[in-house]
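Single-structure report; data block below.
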Amino acid sequence: MCPLHPSAQRFQKILAEKGFSRSVLELPDLTHTAAAAAEAVGCDVGQIVKSLIFKTKKTDRPVLVLASGRNRVDTKKVHALLGEKISKADADFVRLHTGFAIGGVPPLGHVSPMKTFVDEDLLQYDELWAAAGTPHAVFKLTPAELQAMTGGVVADIRQA
């Protein structure tokens, strides 16, 4: 068995330091889309946790939205929750504030602290899968673990 990619190893260490005994799994195929990740691990696309980084328009703060792989984020709903408009962050902003590249951003272990919202639709599943540091790495967790790991506010963020 090959050792994990350095970013996946770093995330595995973060999980352990935070007291979570979940293991990072590296897959031969890219998992940078929810559909690809679901196919790779054999789950419903709704069980995939998309870690989406947004940027507040006035203050340039990062905001993390953990969305079900089935859903698109309604930025107006997030704006209402935050009290500030947001826009999608570019790759440089994502790496600067998370320490990870787009497609591999995990739900925790970021360089910068950030307000986090958890899609309420994720709570309906017994198990979830999230990115673990690279577009090839994922880990399995429960909705309760996701909330404990992130301290995220559970909210309706789904676009109708």
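What follows draws every value from the coordinates through simple rules; no lab data is involved. Keep in mind that this is a model prediction, so the values were computed, not measured. Neighbour counts are summed over all protein chains in view; Cβ atoms, including those assigned to glycine, are modelled from backbone coordinates with ideal geometry.
Some notes on this structure:
- Where both bridge residues fall in segment 6-155, DSSP classifies roughly 65% of the beta bridges as antiparallel.
- Estimated FRET transfer efficiency when R0 is 45 angstrom, pair Phe20-Lys58 (beta carbons, to 0.05): 0.85
- Rounded to the nearest whole angstrom, the semi-axes of the ellipsoid equivalent to the chain, taken from the Cα gyration tensor as √(5λ), stand at 23, 17, 14, largest first.
- Computed on the chain, with alpha-carbon pairs under 8 angstrom and 6+ residues apart, the relative contact order is 28 percent.
- Of Ala137, Ala67, Ala101, the one that fluctuates the most in a GNM where the chain has Cα springs shorter than 10 Å: Ala101
- Cβ-placed point charges (K, R +1; D, E -1), dipole of the chain about Cα centre in debye, nearest 20: 640 debye
- With R₀ fixed at 30 Å, the C-beta to C-beta distance from Leu30 to Asp156 puts the FRET efficiency at about 0.50.
- Gyration tensor verdict on segment 68-137 (Cα atoms; rounded if a/c is under 1.5, prolate if a/b is larger than b/c, oblate otherwise): oblate
- Among Leu66, Leu108, Leu81, residue whose mean-square fluctuation peaks in a GNM of the chain (springs only between Cα atoms under 10 Å): Leu81
- The chain, helix-only ellipticity at 222 nm - DSSP H runs n ≥ 4, -39,500 (n - 2.57), divided by all residues, nearest 500: -7500 deg cm²/dmol
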